[in-house]
1. In whole Hz and in residue order, list the ³J(HN,Hα) couplings for region 78-87 that follow from phi through the Karplus curve 6.51 cos²θ - 1.76 cosθ + 1.60, θ = phi - 60°; x for Gly and Pro.
2. Each residue of region 62-72 in turn: what ³J(HN,Hα) in whole Hz from Karplus with 6.51, -1.76, 1.60 and θ = phi - 60°, glycine and Pro shown as x?
3. List the residues whose amide H sits under 5 Å from the amide H of ARG40, counting only those 5 or more places along or on another chain, with H placed 1.01 Å from N in the peptide plane.
Amino acid sequence: MLSDSERRTLADIEGRLSAEDPSWFEGFATSQRRLAAQARPAWQRAVLVVGASVAAVLALLAAFAGIPSLTTFFVLCTAWSVWMVDRPLRPAGHRDRPRPTEGKT
């Protein structure tokens, strides 16, 4: 939490920056819209969290039962579910990075 003096200082800095470059704030609004569009719906997050929890419990049960292959499988399922919860959605046909073509300048 910011104190009142810190808020006034922050508002002063923002005012100066927006006066110098009005398009500066537009970049933040654009990235906020993009990030909001990439967020998972709440029901998908809930399914992934429940799946990770169930897989973790099953991994513990398999470990106590002495079945290492099943334990490994459920640990990997848990890790995948946790990774998917934090991974942003990507639009269809999206590539992470364009591959550079060799020989072109």
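1. 5, 4, 4, 5, 5, 5, 5, 5, 8, 7
2. 5, 5, 5, 7, x, 10, x, 5, 5, 4, 4
3. Correct list: LEU89.
Where a number appears in this text, it was derived from the coordinates with a stated rule and is not lab data. Worth saying up front: this structure is predicted, and the values here are computed from it rather than measured.
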